[in-house]
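What follows is one structure encoded as structure tokens, with my remarks underneath.
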């Protein structure tokens, strides 16, 4: 590229100023041969283990997925974006996307990391991954550590006992279903000094965390007597049908969010169907590597919703992490399932549905300042453009903050050992921005964990987009007057 004359000059310059050849040796002058220091040499024979995820974009190979990282180091930024929340706090290479991917690469090679699926050092590095999925889009090579972590943990716990904490949060849909039979008793016990202390000690919960309280009645319970208005029926000509996916957390903790979404969708001209039974997508299972059970949950979803999926009925999801299961994990676990591919294309967030599928919909006016925080999965897989556009159409002064991860990340922020990392992640941008927001500004975030982190750390209550729309419309439209905003 430079020619012999300039190359000779380079040699003379380097010899004069770096006689010991200590600065970037063997790169420009006296460079390595192209066949030297290859990452994958002739002895590269990685393990090709049988995995739960199928890695369709990597020819079905976990080894090729782990090779995606080429060492660019974009994950070592700490000034913008979401990748990588734990690295931005610790600044340790082992907590960067690159560090974790390289440890998995070495695990499969078996030369340096020799413990295989049971290697404690690899588990330690992956343990602080918040599974935010930011690396899946912000990394130039699309390294997906959240998926790799779930796969690793599924094999790690084949020979090790999962902590009680994993069963408490991984199976939380089952526990909440039981607790909802007597929510007042459940709330009393979870906050009673003696029992609460024992439970926190057993589950290793951070003492600074407040356990969310169950609603007096879940959304599913509240609509039992009004099924005639919320179940499938022949639609009028031109009326669009949708299914409202009622997720576990909004159903049991914040039924007002699902109620608001039902009202907004009805007002927008949709015929809304609500499933007769509470069905969970299984999102918490991935955090603990419970992939056998996660696959069972998805198979049940595909079976129960076979009719609507085959009919092409859109499914409106309120919780971004649930939508990410249908758009991401589903494809990775069942890449060849015909209904799985359809469900992926029929899953929409509320903002997407109102922006692209509600022809003629005029959102109510909301002339307020809005601080908009995006759930990590929403920013990674679905983006924030739909929510931002909708709020601006409503006349809101939108400030969409580049806040990274809120730090709660589902069960992550409740663990005693991870609490400091969770809080430090939130304190980078999001929590100070919330504290500095004017009292009349609305804080909007669709993620349950995000809203919980904001409330527990600042005392401010954040609204779901559905609640914000109802808040704007309830004084103008009698259809929405029966909605009560949370206090």
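Bear in mind that the values in this text are calculations on the coordinates, not laboratory data. Please read all numbers here as calculations on a predicted model, not as lab measurements. Positions of Cβ are generated from backbone atoms using ideal geometry, with glycine treated the same way; all protein chains shown enter the neighbour counts.
Listing for the model above:
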{"item": "Cα-based helix-to-principal-axis angle, 97-109 vs the chain, degrees rounded to 10", "result": "70"}
{"item": "Alpha-carbon radius of gyration plus Dmax, which is the widest Cα pair, for the range 317-357 in Å", "result": "10.6, 30"}
{"item": "Helix axis angle, 448-458 relative to the chain longest principal axis, alpha carbon, degrees", "result": "90"}
{"item": "Chain lengthening between residue 383 and residue 344 when straightened (0.36 nm per residue, less Cα-Cα)", "result": "12.5 nm"}
{"item": "Average projected area [Cα convex hull, the range 56-156], square nanometres", "result": "5.8"}
{"item": "Residue order, fewest to most beta carbons within 10 Å, for 17, 245, 117", "result": "17, 117, 245"}
{"item": "Size descriptor, Kirkwood hydrodynamic radius, that averages inverse alpha-carbon separations across the chain, Å", "result": "24.5"}
{"item": "Packing-based exposure ordering (other Cβ within 10 Å, fewest first) of 173, 30, 119", "result": "30, 119, 173"}
{"item": "Percent RCO, i.e. relative contact order, over the range 369-480, from Cα pairs under 8 Å lying at least 6 residues apart", "result": "28"}
{"item": "Extension gain (nm, one decimal) between residue 427 and residue 112, 0.36 nm per residue minus Cα-Cα", "result": "109.8 nm"}
{"item": "293, 76, 68 arranged by Cβ crowding within 10 Å, fewest neighbours leading", "result": "293, 76, 68"}
{"item": "Ranked by how many other beta carbons lie within 10 Å on average, peptides 342-355, 317-330, 428-441 from highest", "result": "317-330, 342-355, 428-441"}
{"item": "Cα-based convex hull, the range 369-480, per residue volume (Å³, whole number)", "result": "106"}
{"item": "Relative contact order of the range 56-156, pairs being alpha-carbon contacts under 8 Å that are 6 or more residues apart, as %", "result": "29"}
{"item": "Mean Cβ neighbour count within 10 Å, used as a protection proxy, ranking 442-448, 459-465, 158-164 highest first", "result": "442-448, 459-465, 158-164"}
{"item": "Bridge type composition, the chain - antiparallel percent by DSSP, nearest 5", "result": "5"}
{"item": "Computed FRET value (nearest 0.05) for residue 369 with residue 196, which takes r as the C-beta separation and R₀ as 51 Å", "result": "0.85"}
{"item": "Relative contact order (percent, whole number), the chain, Cα cutoff 8 Å, 6+ residue spacing", "result": "14"}
{"item": "Length gained when the stretch residue 175-residue 216 is fully extended (0.36 nm per residue, less Cα-Cα span)", "result": "13.2 nm"}
{"item": "Distance (nanometres) between label positions extended 7 Å along Cα→Cβ at residue 161 and residue 78", "result": "3.8"}
{"item": "The range 164-203 - convex hull of alpha carbons, volume per residue in Å³", "result": "50"}
{"item": "Amide N of the range 417-435 lying under 14 Å from the label point, which is placed 7 angstrom from the Cα of residue 402 along Cα→Cβ", "result": "429-430"}
{"item": "The chain: calculated mean residue ellipticity at 222 nm from DSSP helix runs of at least 4, using -39500 (n - 2.57)", "result": "-12000 deg cm²/dmol"}
{"item": "Crossing angle, helix 255-267 versus the chain [Cα axis fit, 0-90 degrees, rounded to tens]", "result": "80"}
{"item": "The range 18-57 and the range 284-348: distance between their alpha carbon centers, rounded to Å", "result": "38"}
{"item": "Separation in nanometres of the label points that stand 7 Å from Cα toward Cβ, at residue 184 and residue 50", "result": "5.2"}
{"item": "Rg over Rh, two decimals, the range 372-420 (C-alpha only, Kirkwood Rh)", "result": "1.11"}
